[in-house]
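First comes the structure, then the notes that go with it.
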There are 2 protein chains.
Amino acid sequence: MQPHSHHSHLSILLVFFLLFAGTLQAVEDDSLPSWNDGSSKQAIIEFVNQVTREGSETFMPTAERIAVFDNDGTLWAEQPMYFQLLFALDRVKALAPAHPEWRDKEPFASLLQGDVAKALAGGEHAILEIVMATHANMTTGEFETIVTEWIAQAKHPKTQQPLTGMVYQPMLELLDYLRDNGFKTFIVSGGGIEFMRPWTQAVYGIPPEQVIGSSIKTRFEIQDGNPVLVRLPEINFIDDKAGKPVGIHQHIGRRPIAAFGNSDGDLQMLQWTTAGDGVRFGLYVHHTDAAREWAYDRDSSIGKLDKGLDEAAKHGWTVVDMKTDWNTIFAADAGS
Amino acid sequence: MQPHSHHSHLSILLVFFLLFAGTLQAVEDDSLPSWNDGSSKQAIIEFVNQVTREGSETFMPTAERIAVFDNDGTLWAEQPMYFQLLFALDRVKALAPAHPEWRDKEPFASLLQGDVAKALAGGEHAILEIVMATHANMTTGEFETIVTEWIAQAKHPKTQQPLTGMVYQPMLELLDYLRDNGFKTFIVSGGGIEFMRPWTQAVYGIPPEQVIGSSIKTRFEIQDGNPVLVRLPEINFIDDKAGKPVGIHQHIGRRPIAAFGNSDGDLQMLQWTTAGDGVRFGLYVHHTDAAREWAYDRDSSIGKLDKGLDEAAKHGWTVVDMKTDWNTIFAADAGS
């Protein structure tokens with residue numbers, strides 16, 4: 001081998017290295033491409049830099065980098081009604097032939113006539129009746145199969161998109177960005193824990209053991225020699241409002257350092273998270289884009305954000321203005 | 001540099017490499033040095049080989065490699081009484097000056113006179129009274145501090161060893177061996193979840209979010225502007241017997257592929273785990289060594305192993321004979 005040839009090889013390697021390094025740099029600078037430059041994006045990046053900068057006073061070891069995310073309205077849409085309610089309504093229709101008595105019994109009668117508003121006029125009691133009729137009295141394995149089959153084909157009533165395409169692209173990027181920086185990401189949702197677990201790994205990259213939610217009780221039984229867990233028509237835990245810090249403590253056993261929500265139901269989770277020692281991060285997604293998504297806050301029956309907005313201002317939490325902070329809303333529109 | 005010298009350097013490097021490779025090999029062959037060669041050790045290694053052999057029918061992706069371990073009697077000793085009871089007794093003594101009424105009130109009166117047997121004669125009710133008096137009515141942060149300080153100095157009444165030295169060295173090696181092979185290790189204990197979490201990372205390498213146990217209820221409150229979780233004198237969940245599969249499902253959301261226990265309280269956990277599809281592993285630690293540890297099974301009031309022994313034989317679960325399978329029992333004796 002000639003010295004000249006040797007040098008050429010080195011030069012080529014050097015060029016490749018520089019090209020490659022440039023690519024890496026570009027990727028690193030653009031972990032959040034669906035986030036427009038502005039104070040929200042800047043606050044996120046600054047927080048991550050603070051806790052990952054080794055040797056700094058604000059550094060947090062990876063074990064402590066726990067981030068918790070509400071689901072409905074924070075990771076995916078929640079209008080015109082919680083998607084789990086769409087599931088329950090579809091289940092009522094599917095189960096109706098085996099329940100002739102539902103034709104004369106509320107809330108089922110109204111539901112089967114397509115009058116959701118009238119069915120839900122019964123309030124909490126009506127919702128509980130629907131949930132128990134559609135979520136209980138089967139094994140955990142059977143319920144998992146039902147959810148898995150349903151989510152694979154469920155379409156949004158307004159956009160006709162698959163529901164799993166109606167997750168927020170900026171939040172998917174944020175989840176990845178945090179995990180790339182050593183965070184463990186958890187869902188902490190008022191929704192049903194077993195309604196989410198079958199699909200959170202595929203959609204959010206969050207495994208079932210990092211999903212916290214509301215639940216009904218289960219009972220261990222041996223049926224025909226086969227051990228099963230039977231879902232009982234009895235509330236076990238409501239993971240909402242003051243229940244969220246309780247659920248976090250029960251499942252995770254340490255205080256998160258970052259919390260992401262969109263409603264007053266997430267307020268206590270943000271309070272609990274941001275009151276810890278060291279650098280903490282609280283963020284509210286504010287639904288401000290009636291054209292591309294929905295616009296609602298203080299007066300909404302779904303995802304009401306009232307006290308939370310005031311508290312965010314008081315504590316300096318980041319409030320994402322969906323309309324100006326996000327250049328893409330839904331994963332379905334991101335072409336990913 | 002002379003060619004000869006150059007060669008010598010290469011030779012030295014080669015020798016070092018071979019030495020190092022030899023070391024690596026030796027380490028790999030001896031991940032379980034405290035386990036004597038025999039059917040128990042062989043069954044563990046064969047199971048791990050089966051689920052980690054890519055392309056084989058028995059292969060399990062890492063996400064599914066969930067292993068669950070009972071704590072008392074499986075990871076550390078449980079004689080002459082559960083160590084958490086030692087904690088409760090110490091707390092009763094520490095709190096007694098503030099509770100003059102305990103001098104005339106059972107089970108406290110007997111406890112304070114040193115008569116544990118008489119105190120516990122009140123059965124479940126007596127135990128509940130002791131637990132609530134010593135574990136509740138404080139914040140989760142306060143309880144964590146109390147446990148952390150206690151475990152740092154607590155000594156075993158018989159051996160005078162630190163309690164954290166009375167964990168089983170072979171089980172520590174097993175935990176490491178499984179994790180080195182892509183397993184996620186969880187504790188699933190009848191003991192208190194918040195009694196374990198402050199020290200499981202340091203002692204077992206198991207983080208708080210992978211600890212499942214019995215719990216009392218907590219309530220979120222804002223005290224003087226500071227959000228806290230208050231521990232209430234009310235049972236939330238008993239993670240024992242048929243409660244173990246329920247706790248596993250609630251926390252992990254998928255079925256483990258390996259379960260390790262030592263008593264009838266672990267039977268349902270082993271049934272639930274081993275009834276899943278594919279290769280599964282169930283193991284009972286059988287306390288057979290009265291000289292080095294304790295010997296007890298079918299008639300013991302603590303860690304009774306009766307039905308479990310029969311079921312183990314029926315299902316082909318591995319039963320560890322502590323006396324012959326383990327050449328070292330306690331971590332304190334392993335010099336590690």
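Taken together, the values in this text are just the output of simple stated rules run on the coordinates, not laboratory data. Source: prediction; values computed, not measured. Virtual Cβ from ideal backbone geometry, glycine too; neighbours counted across all protein chains shown.
Cα gyration tensor of segment B:192-237, axes a ≥ b ≥ c as square roots of the eigenvalues: rounded (a/c below 1.5), prolate (a/b > b/c) or oblate? Oblate shape, in that a/c is at least 1.5 and b/c is the bigger or equal ratio.
Counting only DSSP beta bridges with both residues in segment A:175-268, what percent are antiparallel, rounded to the nearest 5? Counting only bridges with both partners in segment A:175-268, antiparallel ones make up about 75 percent. All other residues whose Cβ lies under 11 angstrom from that of residue A:121 are scored, Lys and Arg at +1 and Asp and Glu at -1, for a net of -1. Net charge in the neighbourhood of residue A:220 (other residues with Cβ under 9 Å of its Cβ; Lys, Arg +1, Asp, Glu -1) is +2. Each stretch of four or more DSSP H residues adds -39500 (n - 2.57); spread over every residue of the protein assembly as shown, this sum gives -13000 deg cm²/dmol at 222 nm. When chain B is treated as a Gaussian network with alpha carbon springs shorter than 10 Å, the biggest mean-square fluctuation among B:70, B:277, B:321 belongs to B:277.
Need one word for segment B:213-255: rounded, prolate or oblate. Basis is the Cα gyration tensor (sqrt eigenvalues a ≥ b ≥ c); a/c below 1.5 gives rounded, then a/b vs b/c decides. The shape class here is oblate. Where does helix A:169-180 land angle-wise versus the long Cα axis of chain A, in degrees 0 to 90, nearest 10? Relative to chain A, helix A:169-180 is tipped by roughly 60 degrees.
Based on the inverse mean of 1/r over its pairs of different Cα atoms, what is the Kirkwood hydrodynamic radius of chain B, in Å? If you can, show how the numbers build up before the last one.
Details: mean 1/r = 0.0456 Å⁻¹.
Over chain B, the inverse of the mean reciprocal pair distance is 21.9 Å.
Can you give the net charge of the other residues whose Cβ lies under 13 Å from the Cβ of residue A:80, counting K and R as +1 and D and E as -1? Summing Lys and Arg as +1 and Asp and Glu as -1 gives -2.
In straight-distance terms, cross-link reach from residue A:323 covers every one of the aspartates and glutamates whose alpha-carbon lies under 16 Å from its own, apart from those fewer than eight places away in the same chain; here that gives A:37, A:289, A:293, A:297, A:333.
First measure r as the distance between the Cβ atoms of residue B:313 and residue A:149, then evaluate 1/(1 + (r/R0)^6) with R0 = 30 Å and state the FRET efficiency to the nearest 0.05. It comes to 0.15. With Rh defined as the Kirkwood radius, the inverse of the mean 1/r over Cα pairs, the Rg/Rh of segment A:206-280 is 1.12.
Diffusion of segment B:288-336 by Stokes-Einstein, at 20 °C in a medium of 1.002 mPa s and with Rh set to the Kirkwood radius over alpha-carbon pairs, works out to 175 µm²/s.
For chain B, the relative contact order works out to 21 percent when only alpha carbon pairs closer than 8 Å and six or more residues apart are counted.
All distinct Cα pairs of segment B:120-268 go into the 1/r average, and the inverse of that average, the Kirkwood radius, is 17.0 Å.
Between residue B:42 and residue B:113, the simple label model (points 7 Å from Cα in the Cβ direction) yields a spacing of 5.7 nm. Taking every DSSP bridge with both residues inside the protein assembly as shown, close to 45 percent are antiparallel. When the square roots of the Cα gyration tensor eigenvalues are ordered a ≥ b ≥ c, the ratio a/c for segment A:237-336 is 1.5 or more and a/b exceeds b/c, which makes its shape prolate.
Take the cross-link list A:241/A:304; A:217/B:241; B:184/B:304; A:158/A:241; A:244/B:217; A:93/A:155 and give me the ones stretching past 18 Å between alpha-carbons. Table pairs above 18 Å Cα-Cα are B:184/B:304; A:158/A:241.
Taking the C-alpha atoms only, the angle from helix B:3-29 to the longest principal axis of chain B is near 40 degrees. Taking the average, over residues, of other Cβ atoms within 10 Å as the packing measure, peptides B:307-318, A:254-265, B:167-178 rank A:254-265, B:167-178, B:307-318 from highest down.
In percent, how large is the relative contact order of segment A:156-215, given Cα pairs closer than 8 Å and 6 or more residues apart?
Relative contact order of segment A:156-215: 31 percent.
If you wrap segment A:34-162 in the convex hull of its Cα atoms and look at it from every side, the mean projected area works out to 12.3 nm².
Under Stokes-Einstein, with the Kirkwood radius over Cα pairs as Rh, the value for segment A:130-210 at 25 °C and 0.890 mPa s is 173 µm²/s. Rounded to whole Å, the principal axis extents of the Cα atoms in the protein assembly as shown read 91, 76, 54, largest first.
Taking every residue in A:251-264 and counting other chain Cβ atoms within 10 Å of its Cβ, the average works out to 3.
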